[in-house]
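The values are calculated or read from the model by the stated rules, or taken from the named source; none is laboratory data. Quick caveat: nothing in here was measured; it's all calculated off a predicted structure. Cβ atoms come from the backbone with ideal geometry, glycine included; neighbour counts cover every protein chain shown. All accessible areas refer to the heavy atoms of the entire protein, side chains included, with ligands and DNA or RNA removed. Shrake-Rupley method; radii C 1.70, N 1.55, O 1.52, S 1.80 Å.
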Amino acid sequence: MTPVDPTQPYDDQNIFAKILRGELPCTKVYEDDWAFAFLDINPQAPEHILVLPRGAYVSWDDFSMRASAEEIAGFVRAIGTIARDKGLVEPGYRAIANIGPDSGQIVPHLHVHICGGRPLGRMIPE
Ligand code: AMP
């Protein structure tokens with residue numbers, strides 16, 4: 001798959017845009033006015049959830065630049081709520097946002113990975 005160029009405009013045909021519009025299936029975990037979350041199709045940990053803002057943002061860079069304070073607060077709170085509801089706070093978890101080619105971002109709609117359920121090892125492989 002081609003890595004995302006985070007400087008490109010939002011492509012409303014990306015796979016997560018289609019999931020948000022209900023055009024493609026997913027295993028939904030959570031939704032509110034600001035965020036939508038579902039299970040990653042290729043989990044890297046026993047818990048692997050993707051959390052998306054509802055708005056059209058390519059990446060964390062785009063979101064941090066253009067999103068309203070309300071959208072940012074709603075999205076960040078949703079990530080915390082989901083992790084708490086899944087019982088991940090006490091054992092610990094990782095929240096990851098890939099941005100652009102060096103990160104390996106594949107899907108050009110901002111998503112935060114919530115990973116947990118086992119010790120996760122080094123944050124960045126050598
Ligand atoms: P990233 O590399 O940060 O862009 O991560 C994209 C993630 O989306 C990967 O972990 C994929 O396994 C996941 N993914 C791709 N397509 C789907 C899908 N249709 N449903 C759920 N997860 C998906």
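The table for this structure:
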{"quantity": "Residue ID - nearest to residue 73 (Cα to Cα), chosen from residues in region 33-60 that are open to solvent by 50 Å² or more (accessible area, probe 1.4 Å) and within 11 Å of the ligand (Cβ to nearest atom)", "calculated": "60"}
{"quantity": "Looking only at region 61-72, and only at residues there that are free of Cβ contacts under 8 Å to residues at least 12 places away in the same chain and of a type outside the set (Val, Ile, Thr), the one that is least open to solvent (accessible area, probe 1.4 Å)", "calculated": "68"}
{"quantity": "Any hit, region 91-98, residues being more than 26 Å from residue 124 (Cα to Cα) and of a type outside the set (A, V, I, L, M)", "calculated": "no"}
{"quantity": "In region 22-32, the residues that are open to solvent by 70 Å² or more (accessible area, probe 1.4 Å) and within 13 Å of the ligand (Cβ to nearest atom)", "calculated": "23, 25, 27, 28"}
{"quantity": "Members of region 80-111 that are touching a strand residue (DSSP E or B) at 6+ places or on another chain (Cβ under 8 Å) and open to solvent by less than 20 Å² (accessible area, probe 1.4 Å)", "calculated": "82, 83, 88, 109, 110, 111"}
{"quantity": "Residue 78 being more than 15 Å from residue 114 (Cα to Cα) and away from the ligand (no atom under 14 Å from the Cβ)", "calculated": "no"}
{"quantity": "Given (1) within 14 Å of the ligand (Cβ to nearest atom); (2) among the acidic types (Asp, Glu); (3) over 24 Å from residue 125 (Cα atoms), index of the condition residue 85 fails", "calculated": "(1)"}
